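Novice: Take a look at this one; I'll ask things after.
The values are calculated or read from the model by the stated rules, or taken from the named source; none is laboratory data. Being a predicted model, the structure only gives us computed values, none of them experimental. Because the Cβ atoms are built from the backbone with ideal geometry, glycine has one as well, and the counts that use them run over all protein chains shown. SASA here: full protein model, heavy atoms, side chains in, ligands and nucleic acids out. Shrake-Rupley method; radii C 1.70, N 1.55, O 1.52, S 1.80 Å.
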Amino acid sequence: MIPSDWTPHRRDDGELIGWIRPDGGGWLAVDLLGREITAATEWLDAEAALEDRGIGWLADPWMLEGEAPQPVRVRMVEVTPEHVVVKVDDYGDVSRHSQHIELPWPAPARLRQPQAGDPDGFTFTG
């Protein structure tokens, strides 16, 4: 649940892109995964950080640790303040059934962006 002192921030088209919450004498920008993306700053800077981030980054591939011996490549299915649902990346194969994994919100640190050396699903490493 979103605390009552968090202010939703929306794009010009009304799409939610995050929240701004008080922090001491400043403001923190919080993205849709519930992660702080700024340190305490001015209100306009927090708005700018959310607008710069947008929502397109949610469509990128992500890595989920702890589900298998190596990190698993996943895609976002649903992101709400109640939970985050990801699916094992099916690489666009609509006939493939992909496992859905429900995570808490804010998203845990084990859901992360890919890093060098992560398995990519295209390269054979066996």
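Novice: Can you find a residue that is among the β-branched types (Val, Ile, Thr), within 14 Å of the chain's Cα centre (by Cα) and within 23 Å of GLN113 (Cβ to Cβ) anywhere in region 39-48?
Specialist: no
Novice: Then there is this: From the set of residues in region 34-53 that are of a type in the set (A, V, I, L, M, F, W, C) and without any contact (Cβ under 8 Å) to a residue 24 or more places away in the chain, which is most open to solvent (accessible area, probe 1.4 Å)?
Specialist: So the residue we want is LEU44.
Novice: Give the number of residues within region 1-47 that are part of a loop (DSSP other than H, G, I, E, B) and either farther than 16 Å from PRO106 by Cα or not charged (D, E, K, R) (or both).
Specialist: 21
Novice: Okay, moving on. So, in region 54-66, how many residues would count as being surrounded by 15 or more Cβ atoms within 10 Å (Cβ to Cβ) and more than 13 Å from ARG112 (Cα to Cα)?
Specialist: So the answer is 1.
Novice: Hey, PRO71 hits all of (1) free of Cβ contacts under 8 Å to residues at least 40 places away in the same chain; (2) closer than 25 Å to GLY117 by Cβ but one; which does it fall short on?
Specialist: Failed condition: (1).
Novice: Which condition breaks for GLU51 when tested against (1) modelled with pLDDT of 95 or more; (2) outside any loop (DSSP other than H, G, I, E, B); (3) touching an Asp or Glu at 6+ places or on another chain (Cβ under 7 Å); (4) not hydroxyl-bearing (Ser, Thr, Tyr)?
Specialist: Of everything listed in (1) modelled with pLDDT of 95 or more; (2) outside any loop (DSSP other than H, G, I, E, B); (3) touching an Asp or Glu at 6+ places or on another chain (Cβ under 7 Å); (4) not hydroxyl-bearing (Ser, Thr, Tyr), GLU51 misses just condition (3).
Novice: From the list ASP31, ASP23, ASP12, exactly one residue is surrounded by fewer than 13 Cβ atoms within 10 Å (Cβ to Cβ) and either more than 22 Å from ARG112 (Cβ to Cβ) or not basic (Lys, Arg) (or both). Which is it?
Specialist: Exactly one of ASP31, ASP23, ASP12 is surrounded by fewer than 13 Cβ atoms within 10 Å (Cβ to Cβ) and either more than 22 Å from ARG112 (Cβ to Cβ) or not basic (Lys, Arg) (or both), namely ASP12.
Novice: State which residue is least open to solvent (accessible area, probe 1.4 Å) when the search covers only region 79-99 and only residues that are closer than 29 Å to TRP19 by Cα and out of contact with any Asp or Glu (no Cβ under 9 Å at 6 or more places or on another chain).
Specialist: ASP89
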